[in-house]
1. Going by what's in this entry, would Ala82 be described as on the phi < 0 side of the Ramachandran plot and either assigned to a loop (DSSP other than H, G, I, E, B) or crowded, with 20+ Cβ neighbours inside 10 Å (or both)?
2. With respect to Leu129, is the statement that it is aliphatic (A, V, I, L, M), surrounded by fewer than 24 Cβ atoms within 10 Å (Cβ to Cβ) and free of Cβ contacts under 8 Å to residues at least 60 places away in the same chain true?
3. Of all residues in the range 22-46, count the ones that are farther than 22 Å from Phe290 by Cβ and surrounded by fewer than 20 Cβ atoms within 10 Å (Cβ to Cβ).
4. Search the range 62-111 for residues being of a type in the set (D, E, K, R) and away from the ligand (no atom under 16 Å from the Cβ), and hand back the single one that is nearest to Val28 (Cα to Cα).
5. Are there helices (runs of 4 or more DSSP H) fully within the range 8-61 with at least 3 residues that are at negative phi and near the ligand (Cβ under 10 Å from one of its atoms)? List them.
6. Looking at (1) touching a residue at least 40 places away in the same chain (Cβ under 8 Å); (2) within 19 Å of Tyr302 (Cβ to Cβ), which is the only condition Arg163 fails?
7. Sort out which residues of the range 195-212 are within 18 Å of Ser165 (Cβ to Cβ) and touching a helix residue (DSSP H, G or I) at 6+ places or on another chain (Cβ under 6 Å), and write them in order of number.
8. Which ones in the range 49-79 are of a type in the set (Ser, Thr, Tyr) and surrounded by fewer than 17 Cβ atoms within 10 Å (Cβ to Cβ)?
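The values are calculated or read from the model by the stated rules, or taken from the named source; none is laboratory data. Since we're looking at a predicted model, the values are computed, not measured. No Cβ is skipped: glycine too gets one built from the backbone with ideal geometry, and neighbour counts run over all protein chains shown.
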Amino acid sequence: MIRAAIIGLGWWGKIITKTLEKSEKIRVVAAVEPNESVGRAFCMESGLLYLPSYTAALEEDLDAIILTTPHRFHEDQVIQAANSKKHVFCEKPLSLSLESATRAVKACVMNDVVLGIGHERRFEPPMQLVRKLLQDGALGELLQIEGNFSQNKLLKLPPDNWRLSRAGAGCGPLTATGIHLLDMALSLGGGAQSIYASNKALATSFESGDSFSSHITLANGAVASINALLATPFYSRFAVFGSRGWIEIRDKSHVEAPTGWTVLSSLGEQEPTMVEYPATDPVLANLEAFATAARQGSQQSYPIPIEELLNTVDAYEAAYESTLNGQIVHLGSRPKLL
Ligand SMILES: NC(=O)c1ccc[n+]([C@@H]2O[C@H](COP(=O)([O-])OP(=O)(O)OC[C@H]3O[C@@H](n4cnc5c(N)ncnc54)[C@H](O)[C@@H]3O)[C@@H](O)[C@H]2O)c1
């Protein structure tokens, strides 16, 4: 059993802690939360040790740190965990720039600790099926990807919340939800060559925007259109089109409370089919994969390769740049840092 401290008991920190109560592989035993009354109350209810600071967590005899803090803290907190020889699971995005993410990765590599990342959508059975169908050639050559991951949960936040500001959330709809499908598309397509994106606040006054759309040229020349909205009810669809078939995944609910997927596909000469997938828990699967890799002390055992983790931050940063300057951003011209 990996014993972990969770840092940040906001929305997602609480979800992860409760999720891991089911695990035989990794358990949250301590927490840090600067909002002391919230932190103490949750720790009391969940049987966790409440710690007064991040430094105190790093001094505890624990195997791992789970970071569910605002994005701007991720780099420093990953580096501090790594320097304290603790495996670290960081919520997405790892950071808001490739340089910053690379510094965090380097600290983990140098300290020989495992780095996990909150891209749990990779652990959904239909997403794993898509990957297999592409690898087996059943979809033929990858031609196009369409993804849309939208929700309106942030509408209830106060206007000064960090998730609504550019300083805190960068390109808001992309860091909130779109990045999961960006990560998936890049992973299937071998990274991005170029990105053109736009992000506007059409229905809200969110400084970090509420309507994101992007057009990405992938490594093999295929294209991905990844979109995300923060002012429409929950919607999530990921569709992959190949020269021999297509597959479309529709999520029935947000991953915080998974209820399964509807998967439509058409392969070769077969009639299109529709299959209902029962709920699984991708957040649990991701953290258990991290725990297994940490137990083995092997980054290679973790299913999300470091290079892909950096590809996603690189593409995020390029997309954000494109939303600000209105230009196509070519990733090949960006420095490779690792
Ligand atoms: N994987 C997913 O599907 C998913 C879903 C939601 C959020 N997230 C990620 O989780 C992270 C947190 O998001 P959230 O929505 O829970 O935010 P939140 O604002 O609800 O929670 C963040 C918590 O961190 C605490 N905090 C702030 N600064 C801190 C510090 N220096 N040290 C320790 N704690 C600190 C805050 O008090 C707050 O309780 C983000 O990176 C976000 O992208 C991931």
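1. Yes.
2. no
3. Residues flagged as farther than 22 Å from Phe290 by Cβ and surrounded by fewer than 20 Cβ atoms within 10 Å (Cβ to Cβ) within the range 22-46 amount to 9.
4. For the range 62-111, the residue satisfying everything is Asp63.
5. Output list reads 11-20, 36-46.
6. (2)
7. Initially, the range 195-212 is screened for residues within 18 Å of Ser165 (Cβ to Cβ), giving 199-212.
Result: Asn199, Phe206, Glu207, Ser208, Gly209, Phe212.
8. The first filter runs over the range 49-79 and keeps only residues of a type in the set (Ser, Thr, Tyr), leaving 50, 53-55, 68-69.
Once the filter is applied, which keeps residues that are of a type in the set (Ser, Thr, Tyr) and surrounded by fewer than 17 Cβ atoms within 10 Å (Cβ to Cβ), the range 49-79 yields Ser53, Thr55.
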